[in-house]
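To start, the structure under review is shown below, and the notes come after it.
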Amino acid sequence: MSGKIESMEAAREYILAGDALTTFVSKKTGRHYTYRVYARTAQGPWFVSLLVGDEQYMFLGTIFPDGVYRYGNKSSINEASTPAQAFRWAWDRVRRGAFDPQIEIWHSGRCGRCGRTLTDPESIRIGLGPICAHMASA
């Protein structure tokens, strides 16, 4: 079961948890794009990839420890493409904590840190299991 993330703070925590699958939905256009944001360490950097096929992701860019996102020069996705621009636009709002009613942020139904299936209602709401959520706030 996937879940809509209701706050920018929860979205930021989920996206930077370490292995998050996030879908941004434009309420204006109805378009949606799914991204994998992965880090080898809790301090980042986080590598952003776009879902382009059935379970296939292509590198898009990097979120650095200061929260700044940069398009990757080695990305084979055009920086001017709609999915690339959508991530940049949405991440900017998440990073600044600036709620925008034009966007919905969804998680995949699995913990953004450890990948376990979420079953607890509070865990589904924030996209992190209880142990991983405690680790993030500690």
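Taking residues in segment 7-32 that are touching a residue at least 40 places away in the same chain (Cβ under 8 Å), and partners anywhere that are surrounded by fewer than 18 Cβ atoms within 10 Å (Cβ to Cβ) and acidic (Asp, Glu), the pairs with Cβ atoms closer than 6 Å and at least 6 places apart or on different chains are VAL25/GLU104. Run ARG96 past the list (1) touching a Gly at 6+ places or on another chain (Cβ under 8 Å); (2) basic (Lys, Arg); (3) under 17 Å from PHE24 (Cβ atoms); (4) surrounded by fewer than 16 Cβ atoms within 10 Å (Cβ to Cβ) and report the number of the one that doesn't hold. Result: ARG96 fails condition (1) only.
Of the residues in segment 34-53, at least one is farther than 18 Å from ALA11 by Cα and hydrophobic (A, V, I, L, M, F, W, C).
Checking each residue of segment 7-14 against the condition of being out of contact with any Gly (no Cβ under 8 Å at 6 or more places or on another chain) and over 24 Å from SER123 (Cβ atoms) gives no match.
Of the residues making up segment 69-91, at least one is at pLDDT 95 or above, in a strand (DSSP E or B) and surrounded by 16 or more Cβ atoms within 10 Å (Cβ to Cβ). Exactly one residue out of GLU55, GLU13 is surrounded by 13 or more Cβ atoms within 10 Å (Cβ to Cβ) and within 22 Å of GLY115 (Cα to Cα), and it is GLU13. Scanning segment 100-108 for any residue that is in contact (Cβ under 8 Å) with a residue 40 or more places away in the chain, closer than 19 Å to ILE131 by Cα and within 16 Å of the chain's Cα centre (by Cα) turns up at least one such residue.
The values are calculated or read from the model by the stated rules, or taken from the named source; none is laboratory data. Source: prediction; values computed, not measured. Because the Cβ atoms are built from the backbone with ideal geometry, glycine has one as well, and the counts that use them run over all protein chains shown.
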